[in-house]
Amino acid sequence: MKTLAVVCNIVLFTFTCIVLVTDGVPMQAAYIVFTLLSLLVPILSLVVISRSRVSGGWLGPHVKRKPLGEKRKTEDRSFAGATLNSVAVVCNIVLFGFVCWALMDQYPHPEEEGVIPFAVLMVLTPVLSMVVIVRAGVSGRLGNPLRTKASKEPV
């Protein structure tokens, strides 16, 4: 799922750049904001997803405890990571809202070849990114559930 989210974000960014080159920069203020969100949110999502530890069903290596002096640095980094995750989720929600608004505003859609794939990609990418980011945040707080006391005891 993480790989699919990364690919969708890269394709969305590339597709948006191609649309900007072929159709030009929009003139209405709402569409300028929409275009900026379509360019910046995939980059933010890629950064957040690449920093996460979730990859398929594997939740990453077990985190070793740091000495007391280094504990504060780790807590500061985890707070900054949680804040960045929250910002990315909110930005993806805003992008999804703009996508829904743009789809309704431009109805009936132009009869071009790439309209349907672009619309599907625009709807799918923020939703998929939110799921991956939230899933990474939850697994980061829970630690590695595969390593429990029962698994450490000899059988």
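Read-outs throughout are calculated quantities, based only on the coordinates presented, and are distinct from any laboratory measurement. Owing to the predicted nature of the structure, the values given are computational and were not obtained by experimental measurement. Note that we place each Cβ from the backbone using ideal geometry, even for glycine, and neighbour counts take in every protein chain shown.
Observations on the structure shown:
- Net charge of Cβ neighbours under 14 Å - reference Ser129; Lys, Arg +1; Asp, Glu -1: +3
- When peptides 126-138, 29-41, 5-17 are ranked by their average number of other Cβ atoms within 10 Å per residue, the highest-first order is 126-138, 5-17, 29-41.
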